[in-house]
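Student: I am attaching a structure below and will ask some questions about it afterwards.
The values are calculated or read from the model by the stated rules, or taken from the named source; none is laboratory data. Computed from a predicted structure; not experimentally measured. Every residue, glycine as well, gets a Cβ built from its backbone with ideal geometry; the counts of neighbours run over all protein chains shown.
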Amino acid sequence: MSVKQHIPNAITCLNLLSGCVGVILAIKGCYYGVACCVALSALFDFLDGFMARLLGAYSPMGKELDSLADLVSFGLAPALLVMYGLRLSLPVDVAWLSYAALLIPVFSALRLAKFNIDTRQTHSFIGLPVPADALWWIGVCHTFAAGEVLPLWQTVCVLLSIGLFSYLMVSEIPMFSLKFSSYGWRGNAIRYTLLGAAVVLLVWLGLAGLAPIIGLYILLSLWQWKRAA
């Protein structure tokens with residue numbers, strides 16, 4: 001096997017390494033550190049696929065390694081950050097509810113396993129992609145960033161969101177991909193709309209803007225699905 005065959009897998013290992021650092025920082029409650037690790041993992045997740053296509057270096061091992069790295073970077077790291085945030089807000093006698101956050105990596109694993117055997121997801125997704133779920137939780141967790149206890153209604157919303165987004169990852173709802181086959185407006189209007197809104201929301205809200213961006217992505221996907229039905 002030539003050296004170029006190993007390049008995508010090496011990049012995937014960088015994704016995993018960044019995710020492991022994110023896990024450590026999540027345990028310590030380092031919100032911005034975890035956000036940086038998830039962003040870095042997302043970059044490596046893009047680059048490994050890009051290099052695999054560029055070099056023609058696809059392999060079954062690379063596919064499985066990518067899923068394992070994604071589970072740590074986009075499943076476990078955000079989940080531990082959510083757990084940390086919930087522990088700040090939940091009364092001591094119900095602090096065990098913070099373990100609900102572990103549903104995030106469980107359903108991320110189910111989503112990744114499903115993706116690996118589902119031949120329908122070549123140009124789009126069926127269910128919410130795991131990196132998108134991670135970005136949602138990074139945005140949500142920045143409501144904890146000041147170290148303040150959340151009001152009860154916000155804590156309940158976080159717990160309910162864990163259930164909702166776990167379902168979305170394994171659902172049969174079509175979600176569009178940001179891959180461009182051409183760069184014209186025709187056929188890409190929904191992608192440009194999301195990207196434009198993302199820039200505005202990130203400038204306006206900072207990292208907290210990630211949550212409404214993913215919310216908009218889900219709504220646009222639902223709109224496109226219903227329109228095509």
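Student: Scan region 128-169 for residues that are among the β-branched types (Val, Ile, Thr), crowded, with 17+ Cβ neighbours inside 10 Å and farther than 19 Å from Lys28 by Cβ and report the count.
Tutor: 4
Student: Does Phe125 satisfy the criteria of being closer than 25 Å to Asp66 by Cα and surrounded by 13 or more Cβ atoms within 10 Å (Cβ to Cβ)?
Tutor: The answer is yes for Phe125.
Conditions (1) at pLDDT 95 or above; (2) of a type outside the set (A, V, I, L, M, F, W, C), marked per residue:
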| site | (1), (2) |
| --- | --- |
| Phe74 | yes, no |
| Pro78 | yes, yes |
| Leu102 | yes, no |
| Arg120 | no, yes |
| His123 | no, yes |
| Ile126 | no, no |
| Gly139 | no, yes |
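Student: Right, another one. Would you check if there is a residue in region 29-37 being under 20 Å from Val158 (Cβ atoms) and part of a loop (DSSP other than H, G, I, E, B)?
Tutor: yes
Student: Would you confirm whether any residue within region 151-162 is β-branched (Val, Ile, Thr), under 21 Å from Tyr84 (Cβ atoms) and free of Cβ contacts under 8 Å to residues at least 40 places away in the same chain?
Tutor: The answer is yes; a qualifying residue exists.
Student: Suppose the filter is in a loop (DSSP other than H, G, I, E, B) and on the phi < 0 side of the Ramachandran plot; does Lys226 pass it?
Tutor: Here the answer is no, as Lys226 does not meet what is asked.
Student: Which condition number in (1) on the phi > 0 side of the Ramachandran plot; (2) touching a residue at least 60 places away in the same chain (Cβ under 8 Å) is the one that Gly127 fails?
Tutor: All conditions pass for Gly127, except number (2).
Student: Which of the residues belonging to region 201-211 are buried (at least 18 other Cβ atoms within 10 Å of the Cβ) and touching a residue at least 40 places away in the same chain (Cβ under 8 Å)?
Tutor: Matches in region 201-211: Leu207, Gly209, Leu210, Ala211.
Student: Given the conditions (1) of a type in the set (Asp, Glu); (2) over 23 Å from Ile173 (Cα atoms); (3) in contact with a Leu (Cβ under 8 Å, 6 or more places away or on another chain), report the number of the one that Asp93 does not fulfil.
Tutor: (3)
Student: Of the numbered conditions (1) of a type in the set (S, T, N, Q); (2) over 17 Å from Pro105 (Cβ atoms); (3) under 18 Å from the mean Cα position of the chain (by Cα), Ser89 satisfies every one except a single condition; which is it?
Tutor: Status for Ser89: all satisfied but (3).
Student: Here's something else I'd like to know. Pairs, please: C-beta under 8 Å, at least 6 apart or cross-chain, first residue surrounded by fewer than 17 Cβ atoms within 10 Å (Cβ to Cβ) and among the hydroxyl-bearing types (Ser, Thr, Tyr) and in region 32-60, second modelled with pLDDT under 90 and not in a helix (DSSP H, G or I)?
Tutor: Tyr32/Ala145
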